[in-house]
Amino acid sequence: MSHAYSFLLFTAFLLLTIKWHETKCFKTAILIGLVSGMIALVRPTNVLLGLVFIFWGVDSWRGLITKFNLLKSNLVSVSLILLFAFIVWIPQLVYWKTVSGSWFFVGYEDDAAFYFANPQLINNLFSYRKGWLVYTPLMIFAFVGLVMLWKNRRGMALPIVVYSVFNIYLISSWWSWWYGGGFGMRPYVETYAIYALGFGAF
């Protein structure tokens, strides 16, 4: 399964995100690009993690405008992130084109799809069948910690909350919302790197 590898990449992404916001240096931007590309390559839906970078340090509407101006004033650095994320994908794109004749290939069966109009949110989180918080109740403390983090370090909590809303919705919308055999929800394993901040606050 891809999730253990994604966990490592999520951890690196978070560390580099913090470092970039402190230094704005090109080297860190290149590393973020490489790690981001690998994150999306290992599991394309994890591209949502980019929301953490976009909203990092934002604690209000005014803070969002400030962040937009920050990204705009560091356009070269942001461009490096996007460029190197794409470079990581080049070997995969060439391979798909060589093998399938298409630049992009989806390996799932035709009936595997997202049902965005019918997300299984309650089942995904609380079902006895595979509910995330039923079989991994420790994560409840991470969410309690996010409330604490919101009070004291909102610029750190807001990006996690935004990411969580979109990620939980996406994971719950997959046709197989229970994600196969076993207990618990494997698609959330990589997110533990992010929720560690909630644990820390708790």
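The values are calculated or read from the model by the stated rules, or taken from the named source; none is laboratory data. Treat the numbers as computed from the prediction; the structure is a model and nothing was measured. Ideal geometry is used to build each Cβ from the backbone, glycine not excepted, and the neighbour counts take in all protein chains shown. Ligands, DNA and RNA are excluded from the accessible area calculation, which covers all protein heavy atoms including side chains. Shrake-Rupley method; radii C 1.70, N 1.55, O 1.52, S 1.80 Å.
In this structure, the amide hydrogen of Trp174, modeled 1.01 Å from its nitrogen in the peptide plane, lies closer than 5 angstrom to those of Tyr115, counting only residues at least 5 positions away or on a different chain.
Only lysines eight or more places from Lys19 in sequence, or on another chain, were considered; those with a Cα closer than 25 Å are Lys27, Lys67, Lys72, Lys151.
For region 109-202, what is the Kirkwood estimate of the hydrodynamic radius, computed as the reciprocal of the mean inverse distance between distinct Cα atoms, to one decimal in Å?
Working: mean 1/r = 0.0721 Å⁻¹.
This gives a value of 13.9 Å.
The HN-Hα couplings worked out from phi for region 38-54 by the Karplus form 6.51 cos²θ - 1.76 cosθ + 1.60 (θ = phi - 60°) are 5, 4, 5, 6, 5, 8, x, 5, 6, 4, 4, 4, x, 4, 5, 5, 4 Hz, whole numbers, x standing for Gly and Pro.
Of all the C-alpha pairs in region 51-104, what % are more than 13 Å from each other? Kindly include the intermediate steps, with their values, before the conclusion.
Numbers: 978 of 1431 pairs.
So the pairs more than 13 Å apart make up 68 percent of the total in region 51-104.
Can you pull out the chymotrypsin sites (Phe, Trp or Tyr not before Pro) in region 86-158 whose DSSP state is coil and whose Cβ has at most 15 other Cβ atoms within 10 Å?
On the way: sites: Phe86, Trp89, Tyr95, Trp96, Trp103, Phe104, Phe105, Tyr108, Phe114, Tyr115, Phe116, Phe126, Tyr128, Trp132, Tyr135, Phe141, Phe143, Trp150; in loops: Trp103, Phe104, Phe105, Tyr108, Tyr115, Phe116, Tyr128.
When the chymotrypsin sites (Phe, Trp or Tyr not before Pro) of region 86-158 are filtered for loop state and at most 15 Cβ neighbours within 10 Å, Trp103, Phe104, Phe105, Tyr108, Tyr115, Phe116, Tyr128 remain.
Charges were assigned to the Cβ only: +1 to each Lys and Arg, -1 to each Asp and Glu. The resulting dipole of region 1-99 about its Cα centre is roughly 140 debye.
Look at the Cα gyration tensor of region 1-83: its axes a ≥ b ≥ c give a/c of at least 1.5 with a/b over b/c, and that counts as prolate. For the chain, the fraction of 1.4 Å probe accessible surface lying on carbon and sulfur atoms is 71 percent.
Its DSSP H runs of at least 4 residues, each contributing -39,500 (n - 2.57), put the calculated 222 nm mean residue ellipticity of the chain at -22000 deg cm²/dmol, to the nearest 500.
Loop-located trypsin sites (Lys or Arg not before Pro) in region 1-100 (DSSP state other than H, G, I, E, B) with a sparse environment of at most 16 neighbouring Cβ atoms within 10 Å: Lys24. Per residue, the accessible area of the chain comes to 57 Å² when a 1.4 Å probe rolls over the protein heavy atoms. Structure remark: mean-square fluctuation, Gaussian network model of the chain, C-alpha springs under 10 Å; the largest value among Gly145, Gly101, Gly131 belongs to Gly101. Under 10 Å, Cα contacts only: if you run a Gaussian network model on the chain, which one of Ala29, Ala12, Ala112 comes out with the highest mean-square fluctuation? Ranking Ala29, Ala12, Ala112 by mean-square fluctuation puts Ala112 first. Close amide H pairs (under 5 Å, H built 1.01 Å from N) link Arg153 with no residue at least 5 positions away or on another chain. In terms of its C-alpha gyration tensor, the chain comes out oblate, because a/c is 1.5 or above while a/b does not outweigh b/c.
Could you compute the FRET efficiency for Lys151 and Glu22, with r as their C-beta to C-beta distance and R0 at 22 Å, rounded to 0.05?
0.45
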